[in-house]
Amino acid sequence: MSAQVYASGECHLPTTDPPLDLKPLVKETTGEAVRRIGRFIQLALIGAGRCAKAAAVPPDTAVYFASGRGDFETTVEVMATLFRDGGAPKPLSFVNTVSNAACYYVARTLKLQSRSNFVCNRNLAFESVLQLALVEVESGAAASALVGSVDAVTMPLAEHRRRVHLPADAPLAEGSHWLWIGPARDDRPRLGEVLAVEQFSDAASLLAWIATQQLDAGNCAFSAGQFLDADAAQGLRTQAGLTQVFDYRAGRGHYSSQSGAAIAEFLASAPPGARLLHVNADPADCFSAMLVSR
Amino acid sequence: MPGCYFIGAGLHTALGRGTAENLATLQGGFTAPSMALAHYAGRTQALPYRTLRDAAPSGSDSAGELSRLDAVLDYTLGTALEQAGLTPAERARTGLFLGTSAFDIGVSEAEYREQLQAHPTAIPLDRQPSASLGQFALRMRSRHGIRGPDFSFNTACTASANALMHADAMVRSGRLAHAVVVGVETFNAITALGFQGLQLLSPDNMKPFDRNRNGLVLGEACAALVLGTQPRRAGSFFLRGSANLCDTHSMSAANPDGSTVSLVIRRALQSASLAPRDITALKAHGTASLLNDEAEAAGMRQVFDIMPPVCALKPWLGHTLGACGLNELLLFCAAAEQGLLIGTPGIALDSDLGVQLNQGPTPLPTGNFMLNFFGFGGNNTSLIVANAA
């Protein structure tokens, strides 16, 4: 079983100090000046809005949203206000600490009236939510789904680097990566196809699955997720019999959920018929694999 | 397509540890909620709270908070996995579906308080192994030998109901042989004071759908449920249908005209191939807040020409937020297995709402049971479980 990719939307911002004001981008993308929202929700609106602009996303589309670290900015603000300053959480800030607040704003702004869900996974955020959405589309529970991930920085940047355990000079970035997926339809132009999203408890089961996929080194590239060790990536690629490497990470600063960029950039640049195997890992040495075709 | 059954459960709530103790405590009638202490900026505030029975008190240092959370999770998750009889190899392939609204924020709060005492310029969420919501699930996996995928659902009060829905879908799709769903919520100052700021807290017991309802009491709970393709015994419960819808009426309440509530209920019925008259009993979300009860009652009235028997469990358990989807389901099913629908005595009918809660334990046949949940961020979920053949 699989799902078609009908559109993608991206917002990748190398972080500057101060970071870029996102309000104009939100207004440009959605046509609305959405007020009283933080960077996390702003990034969700920009990425999802660009995806919806690329194709006419219908109202019965579900929103499946993920993050590696969640809305740090709102949580940090509420914690500092309460424990440092002794102020009670402001109602809107408190309500926005629920991560699905972003789903609400995306659905409301894009006028969607279907399912919505927010899922967090430390290392495999995009892969996890894409897998859930794929199951929903396959079963018919969702007519189609807008699937995305966001990770944002908090200010000041020096504190953000401390929180995410990065050296003081490490480049930072923010990312919002979205795909609109659904079952095959003749009346919709498509960018590609999600052939499979799977997760594995060890390398042996990952390799056993790869062996069943009949990948052709001539038209299938390999991309390594950001949490897959470089040596492990090379070993897995070799054992999979693949020679082409698709590099979507060159020059990309740190943020947690980059895998959506691999899919979107591959579908935007690869020749028709080409495939991509994207493999990522978590700290328990479990693996994920996404297989897509252009 | 494989079936998917409830094959192991663990439950710890304000009523007790284990389903038997929970059911036994119900027979003693209502007690007043206890008081939990929120410590912040050198102050302490007491708030009515249905805290976990027979658990260490919260409010200690960060090591104590983490140890308390681990102990609660180890009991419920361990009980569920043991009851399901999963071998170590099966556990290793099991997926973890966590539903929570606050994760382990109580531990982070305690850490920040300690850091502020040592350094007034300390920053929130600093010096942790990894400041990530997903870290919580990784810790659970590691402590219980679970090496399947983990998904942490953070959709406010529907979180663990949504976790169950997706765990069920993953097992039915054949991607997983077993899944364990966990719903957990423990005391933290941000949540307690955040709800107080929204003026949603009641000073006494909750009275859903009552003409004198005056808000909710928060609660702590932890529940775990193992799903598998083979029933453990005849009459095992299973998820017969479900639906989730995003309600864009408001961030903090369902549409009071009932339209979005009735739509999610109808979708759940459709997914279960059932008509409204096929619902044997219904567990309402029932937060006793003015807006929720208004929207929920209107939605139910639009679907059901004849209202099935309705119960609400939050007066007993407190509102356990992201955990309520699972602990209310397990308590409901435990009572239903004994042939009983749980009652909520002392609720006076609000004729404007037209929903009369079941007043005392009443006989309940096998059948199809609807459980509804509505959350901040416009997230509405309706589940239908069944124990009929």
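Structure above, values below:
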| item | result |
| --- | --- |
| Pairwise Lys count, the protein assembly as shown - Cα closer than 16 Å, eight or more residues apart or different chains | 6 |
| Net charge of neighbours whose Cβ lies under 14 Å from the Cβ of A:Q239, counting Lys and Arg as +1 and Asp and Glu as -1 | -1 |
| For segment A:167-235: Kirkwood Rh in Å [reciprocal of mean 1/r, alpha carbons] | 16.1 |
| Share of Cα-Cα pairs in the protein assembly as shown lying beyond 45 Å, as whole percent | 14 |
| Derived scalar couplings ³J(HN,Hα) [segment B:235-252; Karplus, 6.51 cos²θ - 1.76 cosθ + 1.60; whole Hz; x for Gly, Pro] | x, 4, 6, 8, 7, 7, x, 6, 7, 9, 9, 8, 9, 8, 5, 7, 5, 10 |
| Choice from A:A48, A:A170, A:A66 showing the highest fluctuation, given a GNM over chain A with Cα pairs closer than 10 Å | A:A170 |
| Given charges at beta-carbon only (K, R positive; D, E negative), |dipole| of segment A:92-215 in Debye | 440 |
| Charge dipole of segment B:50-162 about the Cα centre (unit charges at C-beta), most positive-ward option of B:A122, B:L86, B:I105 | B:L86 |
| Chain A - charge dipole about Cα centre, Lys and Arg +1 at Cβ, Asp and Glu -1, debye rounded to 20 | 800 |
| Dimensionless Rg ratio for segment B:27-185, taking C-alpha atoms and the 2.2 N^0.38 Å reference | 1.17 |
| Top of A:I210, A:I41, A:I181 by mean-square fluctuation, Gaussian network on chain A, Cα under 10 Å | A:I210 |
| Percent RCO, i.e. relative contact order, over chain A, from Cα pairs under 8 Å lying at least 6 residues apart | 25 |
| Segment A:32-180: translational diffusion in µm²/s, Stokes-Einstein, Kirkwood Rh over Cα pairs, 10 °C, 1.306 mPa s | 99 |
| In order through segment B:57-65: 3J(HN,Hα) via Karplus (6.51 cos²θ - 1.76 cosθ + 1.60), integer Hz, x for Gly, Pro | x, 7, x, 8, 6, 5, 5, x, 5 |
| Shape of segment B:272-368, Cα gyration tensor, a/c cut at 1.5 | rounded |
| Rg and Dmax [Cα atoms of segment A:155-294; Å; Rg one decimal, Dmax integer] | 16.4, 51 |
| Rounded, prolate or oblate (a/c below 1.5 giving rounded, otherwise prolate when a/b exceeds b/c) for chain A by Cα gyration tensor | oblate |
| Shape category assigned to segment B:42-107 from the gyration tensor of Cα positions, a/c cut at 1.5 | prolate |
| Simple Cβ-charge dipole of the protein assembly as shown, Lys/Arg +1 and Asp/Glu -1, about Cα centre, in debye nearest 20 | 560 |
| Residue among A:V164, A:V150, A:V63 with the largest mean-square fluctuation in a Gaussian network model of chain A, springs linking Cα atoms under 10 Å | A:V164 |
| Inter-part distance where segment B:13-73 and segment A:111-179 are each reduced to a Cα centre, Å | 33 |
| Contour minus Cα-Cα distance for B:L340 and B:Q117 (0.36 nm per residue) | 75.1 nm |
| Per-selection metrics, segment B:168-220 (Cα): Rg and Dmax in Å | 17.8, 49 |
| Percent of alpha-carbon pairs separated by more than 13 Å within segment B:282-325 | 56 |
| Considering only the protein assembly as shown, percent of DSSP beta bridges that pair antiparallel, nearest 5 | 65 |
| Net +/- balance of residues flanking B:L329 in space, Cβ distance below 15 Å, scoring K and R +1, D and E -1 | -1 |
| Segment A:228-288-segment B:91-112 distance, computed between alpha-carbon centres (Å) | 28 |
| Ratio of the Cα radius of gyration of chain B to 2.2 N^0.38 Å, where N counts its residues | 0.93 |
| Mean residue ellipticity (222 nm) of chain B, computed from DSSP H runs ≥ 4 via -39,500 (n - 2.57), nearest 500 | -10000 deg cm²/dmol |
| Antiparallel %, DSSP beta bridges [both residues in chain A], to 5 | 65 |
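Just so you know, all these numbers are worked out from the coordinates, no wet-lab data involved. Just so we're clear, the structure is a prediction, and the values are computed from it rather than from any experiment. Cβ sites come from the backbone with ideal geometry, for glycine too, and all protein chains shown count toward neighbours.
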